[in-house]
Structure formats: C-alpha cells, structure tokens
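A.B. asks: Structure provided below as structure tokens; questions to follow.
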Amino acid sequence: MSPQAATAMQPVKGNVPVKQSASDEVLDRIQKTYDSIARRAFEIFDANGRWFGNDWDHWFRAESELLRPTHLEIAESDDHLIVRAEVPGFTTKELSISVEPRKVTIAGKHESHEESKKAKTIYSERCANEILRVIDLPAEIDSSRVIATLKDGVLSIELPKAAHAKPVHIAPKAA
C-alpha cells in the first residue's frame, strides 16, 4: 500500500442528477461492490497467513475499508418525504441517485489517483472512497418530480408522494 495525501475539499453546492428506475444498474453496482469486498477480504485472509476462523473479521474489515458509512435522516409530511444523507467530500459529479416508486439508491465514488513514493511506508491507512446506500421508502413516491441538492456535504432529496385516489365513504342502500 502506498501513503495517501489528504487534501481540503470545498463544499459543493448544486443539483445532483436523479435517475428514474434503474434497477439493473443498481443491481450491477451492488454486485461490483460485493465482488470488491470479497476480493479485499481474501487479500486480508491471505496476508494473515491463511488462518481459518476469522472470515467475518476479514469481511467487516474489507467492508469498512471500501465503503464509507452514510448517515441518514428521513422525514415525512403529508405530501412528501425528505431524505438527508451525509456525504462529505463528494461532489455532484461523483454522486448518483436512482429513484423507484418505493426505493432510493445513493451511490458515489471518488476517483483519486495520487501516489507518493518518497520514503519507505511504515504505516498506512485506507480511507473509504465509495458509498452505496439503498433506502426502502414507507410510501410510494412520484419519481418524476424528485429534487436532489448537495450543500455543505449534506445531500437532500425531496420525494413528493404519489397521488392516489382519495378514500370515499359510500353508504349501502337497501335492495
């Protein structure tokens, strides 16, 4: 592993493009993430002398190295849902949002290629550069009117609820 340089990121303000119903793309992204975690877990297993019995430790370590936890807040009102996700350091170009009637997927990946080989590496830490979060929604939404904005490392997604027929009470009549 090579040492990593830290850089200061400016907060990005702007709209994030929202894709509608991209189930195949989401499943492909999940499969690629799973494969990356499995590869890294095997690398850890191999580096530790291939001792069996630590499968979960290797898996969780690989997962924490490759995926950044995404903290969420979901608020609901009568006519819409609001999802707020903490995505510090990500820009609007690095984030992808897919929306389905009862599901939202937030994915992001940093593309950084910095390498420094000035000295022998004594200690190195990996920082997660990818996020993937699939959120099941409590109500059906109108995916054509979704608005997503990114400001100061917080992604806000406004999800208008789908208009359904209003319930009507009918009094039965005698035949």
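The values are calculated or read from the model by the stated rules, or taken from the named source; none is laboratory data. These numbers were taken from a predicted model, which means no experiment stands behind them. Every residue, glycine as well, gets a Cβ built from its backbone with ideal geometry; the counts of neighbours run over all protein chains shown.
A.B. asks: In the stretch 26-83, what count of residues is obtained for those that are more than 30 Å from residue 140 (Cα to Cα), over 17 Å from the mean Cα position of the chain (by Cα) and either among the acidic types (Asp, Glu) or assigned to a strand (DSSP E or B) (or both)?
C.D. replies: 4
A.B. asks: List every residue pair whose Cβ atoms sit under 8 Å apart, with the two residues 6 or more apart in sequence or on different chains, where the first one lies in the stretch 133-144 and is on the phi < 0 side of the Ramachandran plot and the second, anywhere, is assigned to a loop (DSSP other than H, G, I, E, B) and among the aliphatic types (A, V, I, L, M).
C.D. replies: Within 8 Å, the pairs are 139/162; 140/162; 141/162; 142/162; 142/163.
A.B. asks: Can I ask one more? If the Cβ limit is 9 Å and pairs must be 6+ apart or interchain, which residue in the stretch 158-175 that is surrounded by 10 or more Cβ atoms within 10 Å (Cβ to Cβ) and part of a loop (DSSP other than H, G, I, E, B) pairs with which residue that is hydroxyl-bearing (Ser, Thr, Tyr) and at pLDDT 70 or above?
C.D. replies: 162/143
A.B. asks: Can you pull out every residue in the stretch 145-157 that is surrounded by fewer than 15 Cβ atoms within 10 Å (Cβ to Cβ) and touching a residue at least 40 places away in the same chain (Cβ under 8 Å)?
C.D. replies: First pass over the stretch 145-157, keeping only residues surrounded by fewer than 15 Cβ atoms within 10 Å (Cβ to Cβ): 145, 147, 149, 151-153.
Across the stretch 145-157, the qualifying residues are 147, 149, 151, 152, 153.
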